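Inspection log for the structure reproduced underneath, given as structure tokens.
The values are calculated or read from the model by the stated rules, or taken from the named source; none is laboratory data. Note that the structure is a prediction, hence the values are computed from the model and not measured. A quick note on method: Cβ atoms are made from the backbone with ideal geometry, for glycine too, and the neighbour counts reach across all protein chains shown. The accessibility values were calculated without ligands, DNA or RNA, using every heavy atom of the protein model including side chains. Shrake-Rupley method; radii C 1.70, N 1.55, O 1.52, S 1.80 Å.
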Amino acid sequence: MQKYRDDERVKAYVDDINSMHKVVLETKSEASLLKMAENLKQNNIPYYLWTEQPENIPTCLATVPVVRSDLGDALKKCSLM
């Protein structure tokens, strides 16, 4: 969230600390994680892709706070953890 701290969605999210809601989703492979990153990019949804070092392996995506309807199909193939 620090990267996008000036985004209005992030500001609204952190202003209401008692209502913060997080969802953790799972994907089965690095390829599907990278595909989701591309989908988010195509849908203009800001995100951050964590990459483990020194292995240089993508391991996690985090988006700015968004409502499910704004995600469209970007994360459609994920399962809820």
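Of note:
- Accessible-area value, Ser29, 1.4 Å probe, nucleic acids and ligands omitted, Å²: 50
- C-alpha long axis of helix 30-42 to longest principal axis of the chain, angle in °: 40
- Accessible surface ranking for Asp15, Asp7, 1.4 angstrom probe, highest first: Asp15, Asp7.
- Counting only Cβ charges, +1 for Lys and Arg and -1 for Asp and Glu, the dipole size of the chain around its Cα centre is about 180 debye.
- Ranking Val10, Asn44, Gly72 by how far each Cα lies toward the positive end of the dipole of the chain (charges on Cβ) leaves Gly72 at the top.
- Set Lys22/Lys77; Lys11/Lys76; Lys3/Lys35; Lys22/Lys76 screened for pairs whose C-alpha atoms are more than 23 Å apart: Lys11/Lys76
- The largest accessible area among Val24, Val66 belongs to the first residue in Val24, Val66, and the rest follow in falling order (1.4 Å probe, all chains).
- Sparsely packed trypsin sites (Lys or Arg not before Pro) within the chain, loop by DSSP, other Cβ within 10 Å at most 11: Arg5, Lys22, Lys28, Lys76
- Protein heavy-atom accessible surface, 1.4 Å probe, per residue over the chain: 78 Å².
- Surface composition of the chain: carbon plus sulfur atoms contribute 51% of the solvent-accessible area (1.4 Å probe, protein chains only, all chains present).
- On the principal axes of its alpha-carbon atoms, the chain has extents of 35, 29, 25 Å, going from largest to smallest.
- Largest-first ordering by accessible area, 1.4 Å probe, given options Ile45, Ile17: Ile17, Ile45
- Inter-part distance, the range 1-48 to the range 66-81, computed on C-alpha centroids, equals 10 Å.
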